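Data block below; observations after.
The values are calculated or read from the model by the stated rules, or taken from the named source; none is laboratory data. Fair warning: this is a prediction, and the values are worked out from it, not measured in the lab. Neighbour counts run over all protein chains shown; Cβ positions are idealised from the backbone, glycine included.
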């Protein structure tokens, strides 16, 4: 019907859009940002880095105090945090630490930069992270949440996060102070 009303071109099935790689299968749809993640690593010179198994050291508490970054390093930090925020669209496992780091974009320190490097090393270890939207699972809603009561050292505010599933498909996630 759209073809009759407008001049459009059928480009076939969606494969790549705005940094997302889309793969359709009879069992569901895979969404990943593998190329985008590898582009981040290559732009920042981290392709040869040693991978780590977790996105952050969860015992480390970030705060505003510390050695401030130079102007050049600060702009690098801001650009990288923006790119990592976009990467959280298919990497829910880095959402918490990226959200936490984004609070320090204005006054970033060397400790924050070390955490960003660790996230990049984590991405290096698993560049094929993906979201799978199942077409064959049972339809039931599941939700998980967690909170770090008064966990922010600077403001004593809580940080919480949640993940929502329909069947086996992760459909929504968030981490927020």
Select, from 130, 156, the only residue that is modelled with pLDDT under 90 and farther than 30 Å from residue 49 by Cβ. 156
Among the listed residues 119, 123, 171, identify the single one that is farther than 30 Å from residue 26 by Cβ and within 17 Å of the chain's Cα centre (by Cα). 119
Pick from 143, 161, 167: which is in contact with a strand residue (DSSP E or B) (Cβ under 7 Å, 6 or more places away or on another chain), touching a residue at least 60 places away in the same chain (Cβ under 8 Å) and farther than 28 Å from residue 68 by Cα? 161
Here the residues within the stretch 100-121 that are in contact (Cβ under 8 Å) with a residue 40 or more places away in the chain, crowded, with 20+ Cβ neighbours inside 10 Å and within 25 Å of residue 20 (Cβ to Cβ) are 100, 119, 120
